[in-house]
Amino acid sequence: MPKNVIDDEEIESTAKKLDSAVSDTLVPQLSSLQADVENLLQGGLLLTATSPKMQTSYANFNKSLTEAVNNITQFSKQFRDICNAVNNLDAQIAGGIPT
């Protein structure tokens with residue numbers, strides 16, 4: 001028979017790591033890289049026809065990647081929601097048992 005385990009502390013710890021990775025590391029790094037690419041294409045790799053197209057292409061790529069990275073927080077939300085739902089269900093079931 002399957003065994004279900006809900007470790008509130010482990011769930012919260014992992015959810016916080018995911019949220020922190022997005023807000024403190026990944027998104028800021030993507031923004032920094034976007035600025036680096038823009039600077040490169042306006043100076044160190046400046047080609048009249050190619051650079052503007054590369055800049056637009058990278059900006060679109062970076063936007064998509066940033067949106068995907070931001071979706072990581074949806075997993076932390078789901079983990080927290082599952083934990084809360086199971087704990088609420090446990091309390092509800094326990095409350096319905098006569099003493």
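Couple of notes before you dig in:
- In segment 69-79, the residues that are open to solvent by 60 Å² or more (accessible area, probe 1.4 Å), of a type outside the set (A, V, I, L, M, F, W, C) and either outside any loop (DSSP other than H, G, I, E, B) or touching a helix residue (DSSP H, G or I) at 6+ places or on another chain (Cβ under 8 Å) (or both): Asn70, Gln74, Lys77, Gln78
- Considering segment 55-65, the residues that are under 30 Å from Lys77 (Cα atoms) and open to solvent by 50 Å² or more (accessible area, probe 1.4 Å) include one that is nearest to the chain's Cα centre (by Cα), namely Leu65.
- Within segment 80-99, the residues that satisfy the criterion of being open to solvent by less than 70 Å² (accessible area, probe 1.4 Å) and either in contact (Cβ under 8 Å) with a residue 24 or more places away in the chain or among the aliphatic types (A, V, I, L, M) (or both) are Arg80, Cys83, Ala85, Val86, Asn87, Ala91, Ala94.
- Of the residues making up segment 12-54, those that are loosely packed, with under 11 Cβ neighbours inside 10 Å and not in a helix (DSSP H, G or I) are Leu47, Thr48, Ala49.
The values are calculated or read from the model by the stated rules, or taken from the named source; none is laboratory data. Only a predicted model underlies this, so the values are computations on that prediction, with no experimental measurement involved. So basically every Cβ, Gly included, is an ideal-geometry build from the backbone, and we count neighbours across all protein chains shown. Note: accessible area is taken over every heavy atom of the protein model, side chains too, but ligands, DNA and RNA are not part of it. Shrake-Rupley method; radii C 1.70, N 1.55, O 1.52, S 1.80 Å.
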